Amino acid sequence: MILYSTNKKSEEVSLKQAVLQGLADDGGLFMPTEIPSLPKAFFDTIEKKSFLDNALTVANALIGKDVPEDALSDIIKGAFSFDIPLAPITDTISVLELFHGPTLSFKDFGARFMARLLSYFVKDGKQKITILVATSGDTGSAVGNGFLGVEGIDVIILYPSGKVSESQEKQLTTLGQNVTALEIKGTFDDCQRMVKIAFNDKELNKKMKLTSANSINIARLIPQTFYYFYAYSKVKSKSKDIYISVPCGNFGNLTAGLIAKRMGLPIKKFIASCNANDTVTNYLLKGIFKPKDTVKTISNAMDVGNPSNFIRMLELYDHDVERMREDIKGYSFSDDETKQAIKEIFRNHDYIMDPHGAVGYLGLKQLLNSINGVGVFLETSHPAKFAGIVEEVIGGKVEMPEALEQFLKRDKKSIVLEASFEKFKEYLIKR
Ligand SMILES: *Cc1c(COP(=O)(O)O)cnc(C)c1O
């Protein structure tokens, strides 16, 4: 796999280098120079094979010689040791539950794969690696968990103080060992900005080997393509026209789906389902990309005003909004609409969605109102992670999974910092 920088001012690199670096030297994001197509025969028999087998085929095609097949197979088997159920909601709408990993969000897919891939790449190295990760809620715990106890790797999580749910915060701040949580007095965009500046800071990079585990790291995107193939394999018999709705924040998840489509996955259209943070929705409508300040919503892991993966989407479509519109439909929904959807699906179908999945559901429902086809929406978080809001809306209890209960019992441990890069740098150098 050869990767280029979206800023086009630095050299092409190998997968190993891209994974270790996170961001390119010129501040751009890494994208594959070539996206391979999978043969028709693969799609003809895709439903007969397991998630793991199909994932290995996809990974092999994308990654190529950079990781030998037996090592790749071990990475995939180790990373995806949990269920991925697809549950029907109506005749035309199903939900793909991506929250059965250890931290109960879909971020486990990217983080667990990345942790194993990175360990594979550095297994003979001497230098300690420090992973910086900005999180709006779920990334931090998934990354922390994925890397917990991994020799030679330190993880530093930056999260916006007071802007994550209690259970998210407990999952971020109670891991210990090689995982440290920094509580930043600012927004997620501040955290993301501080991490970005750190990667470009010459002095810091001389002192330590920094890498990123945010969705800007290509190692997070690769495994997120796998479940799109899986979703397709489960519904392909139902219709020729299949739609997948993705609840979007930083747009890493959607970008992975678009890469899957580019590899030949027969998805008619993707739906970029957003909350009030409607920067990309507006771009698709008006053709103008205008980042905004983050708006706080009940689907807080999607509260991103300037989504970092948008540049990758632009690259996939040669910066042509018309071409992007052929593959993506965008919608935004308010918190009230989201709550209404949670209530409706609970009442009519006895299914409990979390606020993020509910936004995905709304996008799919809106599209299927005017079009014949079947659709899958991605449920990205277990509803118990947002029990406060979900229980209020459905007027009943959400069952707490054992894994989450364990986290809630532990004591929070965080280091509070101002939303200033200088303070952050000082902390990194002193520790
Ligand atoms: C991160 C996250 C999202 C948004 O995913 P992106 O890849 O950033 O678009 C949606 N739902 C949940 C629960 C998340 O944690």
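One residue is enough: does the range 110-131 have a residue meeting the conditions out of contact with any His (no Cβ under 6 Å at 6 or more places or on another chain), crowded, with 24+ Cβ neighbours inside 10 Å and aromatic (Phe, Trp, Tyr)?
Yes, because at least one residue in the range 110-131 is out of contact with any His (no Cβ under 6 Å at 6 or more places or on another chain), crowded, with 24+ Cβ neighbours inside 10 Å and aromatic (Phe, Trp, Tyr).
Which one is nearest to the chain's Cα centre (by Cα), of the residues in the range 180-207 that are of a type in the set (D, E, K, R) and open to solvent by less than 30 Å² (accessible area, probe 1.4 Å)?
GLU183
Is it the case that the range 216-223 has a residue that's away from the ligand (no atom under 13 Å from the Cβ), closer than 19 Å to ALA41 by Cα and surrounded by 24 or more Cβ atoms within 10 Å (Cβ to Cβ)?
Taking the range 216-223 as the starting set, the residues that turn out to be away from the ligand (no atom under 13 Å from the Cβ) are 218-219, 222.
Applying the additional criterion that residues be closer than 19 Å to ALA41 by Cα yields none.
No; the residues of the range 216-223 include none that is away from the ligand (no atom under 13 Å from the Cβ), closer than 19 Å to ALA41 by Cα and surrounded by 24 or more Cβ atoms within 10 Å (Cβ to Cβ).
So which residues in the range 336-367 are in contact with a strand residue (DSSP E or B) (Cβ under 6 Å, 6 or more places away or on another chain) and assigned to a helix (DSSP H, G or I), if there are any at all?
Of everything in the range 336-367, those that are in contact with a strand residue (DSSP E or B) (Cβ under 6 Å, 6 or more places away or on another chain) and assigned to a helix (DSSP H, G or I) turn out to be HIS356, GLY357, VAL359, GLY360, TYR361, GLY363, LEU364, GLN366, LEU367.
Kindly provide the set of residues from the range 288-335 that are part of a loop (DSSP other than H, G, I, E, B), open to solvent by less than 20 Å² (accessible area, probe 1.4 Å) and away from the ligand (no atom under 14 Å from the Cβ), ordered by number.
TYR317
Looking only at the range 22-72, filter to residues that are in contact with a strand residue (DSSP E or B) (Cβ under 9 Å, 6 or more places away or on another chain), among the charged types (D, E, K, R) and in a loop (DSSP other than H, G, I, E, B); which one of those is modelled with the highest pLDDT?
GLU34
For the range 278-312, which positions are under 19 Å from SER215 (Cα atoms), in contact with a helix residue (DSSP H, G or I) (Cβ under 6 Å, 6 or more places away or on another chain), of a type in the set (Ser, Thr, Tyr) and modelled with pLDDT of 95 or more?
SER299
Here is a list of conditions, (1) at pLDDT below 95; (2) away from the ligand (no atom under 14 Å from the Cβ), and MET263 meets all of them except one; can you say which number that is?
With (1) at pLDDT below 95; (2) away from the ligand (no atom under 14 Å from the Cβ) applied to MET263, the lone miss is (1).
The values are calculated or read from the model by the stated rules, or taken from the named source; none is laboratory data. Keep in mind the model is a prediction, meaning the values are calculated, not measured. Glycine gets a Cβ as well: all are built from the backbone with ideal geometry, and neighbour counts include every protein chain shown. Accessible surface areas use protein heavy atoms only, side chains included; no ligands, DNA or RNA. Shrake-Rupley method; radii C 1.70, N 1.55, O 1.52, S 1.80 Å.
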